[in-house]
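J.: Sharing a structure with you now.
The values are calculated or read from the model by the stated rules, or taken from the named source; none is laboratory data. Source: prediction; values computed, not measured. Please note: Cβ atoms are built from the backbone with ideal geometry, for glycine as well, and neighbour counts cover all protein chains shown. Please note that ligands, DNA and RNA were not included when accessible areas were found on the heavy atoms of the full protein model with its side chains. Shrake-Rupley method; radii C 1.70, N 1.55, O 1.52, S 1.80 Å.
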Amino acid sequence: MSALFKISEHPIAALCLAVGVLSCAKFVLKAANVLLQTFVLPGTSLKKYGAGKGAWAVVTGASEGIGKEFSLQLAKKGFNVLVSARNAAALDALVAEIESSSPPNNKVQAKAVVMDFSSLEDAEKWRAFAAALEGLDIGVLVNNVGKSHTAPVYFAEAADQEVEDILRINVNANVRVTKFILPRMVERRRGLILNMGSFSGTGIPSPMLATYAGTKAFLSAFTASLAAEVKDKGVDVQCLNTYFVVSNMSKIRRANITTPTPKDYVRSVLNKIGLSCGALWTGRPNVSTPYWSHAIIDYAMNLVGWKMLFIRYTHSLHKSIRKRYLRKLEREAKKQ
Ligand SMILES: NC(=O)c1ccc[n+]([C@@H]2O[C@H](COP(=O)([O-])OP(=O)(O)OC[C@H]3O[C@@H](n4cnc5c(N)ncnc54)[C@H](OP(=O)(O)O)[C@@H]3O)[C@@H](O)[C@H]2O)c1
């Protein structure tokens with residue numbers, strides 16, 4: 001009591017104490033909310049977007065990995081599903097799996113549209129894609145299709161075609177598909193759009209994946225701007241801030257504490273719709289980091305706030321991945 005009394009006699013000390021107390025309160029409030037959203041609160045029910053009422057979910061890049069898992073889990077939640085990618089056989093198998101595994105009292109339909117999202121000039125294919133969407137009551141769009149560099153590479157040395165394809169698929173195709181679908185969601189005043197972001201574009205800049213990171217940063221800004229436009233029209237738009245997930249793209253074959261399987265990852269997304277989880281109050285509107293360990297990493301990185309530290313770490317990680325990749329290529333070349 002007497003110490004407090006003395007502090008009150010010293011305005012600068014009192015100010016420092018007040019700032020300290022406020023900072024601690026802010027830290028506790030934020031940490032508590034991040035934990036609450038990540039581990040306790042349920043997200044918005046998918047019924048809001050037409051689950052179980054005949055609505056469709058459209059998933060791009062659906063033949064494998066995260067996109068395939070979105071398709072399966074959205075079907076289980078009661079959506080008819082339109083899946084799209086290049087591999088026709090994989091899509092047909094997915095359609096059969098969705099239709100055969102849906103319960104008789106809750107039958108869902110599925111259809112496949114074979115599509116190369118890098119072929120922006122193929123007007124006929126895009127017309128066919130638009131025609132397949134015609135007349136469907138689309139409740140959910142998952143802009144999942146994405147391409148990364150084959151291996152981390154300095155931008156100056158990256159293959160021109162690879163850079164071009166990353167831009168085409170991650171930016172142009174996602175925007176084009178959204179342009180087809182969003183107006184009808186607005187008309188129906190109901191919809192959910194999930195854009196597949198990445199830590200590299202939404203969290204920490206990523207040396208040696210510059211083009212990929214740039215396209216994911218585009219998706220984050222696109223999401224936030226679009227979300228504000230359509231918020232009062234019944235359409236929710238979210239960018240998923242994703243760290244590593246087991247897949248062909250990540251080249252990680254086994255799950256670990258920070259790298260979930262697509263199944264666990266997608267389950268966390270669908271359970272946390274509308275919540276920011278690890279991205280809460282980080283100045284990134286409509287970004288969500290729903291998977292629990294990704295949420296903690298995202299939260300901790302923002303708490304530390306020293307971006308250069310993480311950029312340096314990512315750069316050295318990518319240099320070593322590149323070295324290993326080149327050594328592998330050399331070994332394969334020798335075998336031939
Ligand atoms: N895995 C991760 O660690 C991670 C981390 C952050 C963000 N992400 C993002 O998550 C999304 C899915 O990635 P993933 O890890 O599931 O990758 P994945 O396993 O490699 O699957 C990619 C999917 O996209 C399709 N695809 C690729 N190029 C295409 C094209 N030109 N036209 C049509 N479809 C195409 C592929 O099917 P076809 O070959 O049949 O066309 C496949 O279905 C991507 O946007 C990625 O950037 C992933």
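J.: Considering the chain as a Gaussian network with a 10 Å cut-off on Cα pairs, which listed residue, N105, N144, N195, attains the greatest mean-square fluctuation?
T.: Sorting by GNM fluctuation, first place goes to N105.
J.: Which of the helices in the chain, when you take each full DSSP H run, stretch at least 27 Å along the axis at their Cα atoms and have an average Kyte-Doolittle score of 0.5 or higher? Provide the component values of the computation, followed by the final result.
T.: On the way: long enough: 11-35 (36 Å, 1.79); 210-230 (30 Å, 0.82); 307-335 (42 Å, -1.16).
Length and hydropathy pass: 11-35, 210-230.
J.: Follow-up. Taking amide H positions as placed 1.01 Å from N in the peptide plane, with prolines and chain starts having none, which residues 5 or more places from V287, or on another chain, fall under 5 Å of its amide H?
T.: C239
J.: Taking the Cα centre of region 47-335 as the origin, how large is its charge dipole in debye, to the nearest 20, when only Lys and Arg (+1) and Asp and Glu (-1) carry charge on their Cβ atoms? Show your work: numbers first, answer last.
T.: On the way: 40 positive and 24 negative charges, 172 e Å.
Dipole size: approximately 820 debye.
J.: Find which of G274, V175, A31 sits farthest along the positive direction of the dipole of the chain, computed with +1 on the beta-carbon of Lys and Arg, -1 on that of Asp and Glu, about the Cα centre.
T.: A31
J.: Taking H as built 1.01 Å from N, whose amide H comes closer than 5 Å to the amide H of V81, not counting residues under 5 places away?
T.: The list, which skips near neighbours in sequence, is A57, Q109, A110, K111.
J.: Using a Gaussian network model of the chain with C-alpha springs under 10 Å, which one of F79, F70, F39 is most mobile by mean-square fluctuation?
T.: Maximum fluctuation in the GNM of the chain, among the listed residues, is at F39.
J.: Ignoring ligands, DNA and RNA, what percent of the accessible area of the chain is carbon or sulfur (1.4 Å)? Write down the numbers at each step before the final one.
T.: Details: 10410 of 17240 Å².
Accessible surface attributable to carbon and sulfur in the chain totals 60 percent.
J.: Then there is this: Just from its helices, what would the mean residue ellipticity at 222 nm be for the chain, if runs of 4 or more DSSP H residues each count -39500 (n - 2.57) and the sum is divided by every residue, rounded to the nearest 500 deg cm²/dmol?
T.: My calculation for the chain gives -16000 deg cm²/dmol from helical runs alone.
J.: Tell me the volume per residue, in Å³, of the convex hull enclosing the alpha carbons of region 47-335. Write down the numbers at each step before the final one.
T.: Working: hull volume 40.2 nm³, N = 289.
Taking the convex hull of the Cα positions in region 47-335, it is 139 Å³ per residue.
J.: Hey, which of these cross-link pairs are over 22 Å Cα-Cα: K251/K319; K179/K231; K216/K307; K179/K263?
T.: Details: K251/K319 16 Å; K179/K231 16 Å; K216/K307 17 Å; K179/K263 28 Å.
As for pairs spanning more than 22 Å Cα to Cα, those are K179/K263.
J.: Shifting gears a bit: Using the Kirkwood radius built from alpha carbon pairs, what does the Stokes-Einstein equation give as D for region 155-205 at 20 °C and 1.002 mPa s, in µm² per second?
T.: Details: Rh = 13.2 Å.
Answer from the Stokes-Einstein relation: 162 µm²/s.
J.: Distance between Cα centroids, region 105-158 to region 294-317: provide it in whole Å.
T.: Distance between centres, Cα-based: 31 Å.
J.: Continuing with the same structure: Accessible area per residue of region 124-272 at 1.4 Å probe, in Å²?
T.: Working: 6360 Å² over 149 residues.
For region 124-272, the per-residue accessible area is 43 Å².
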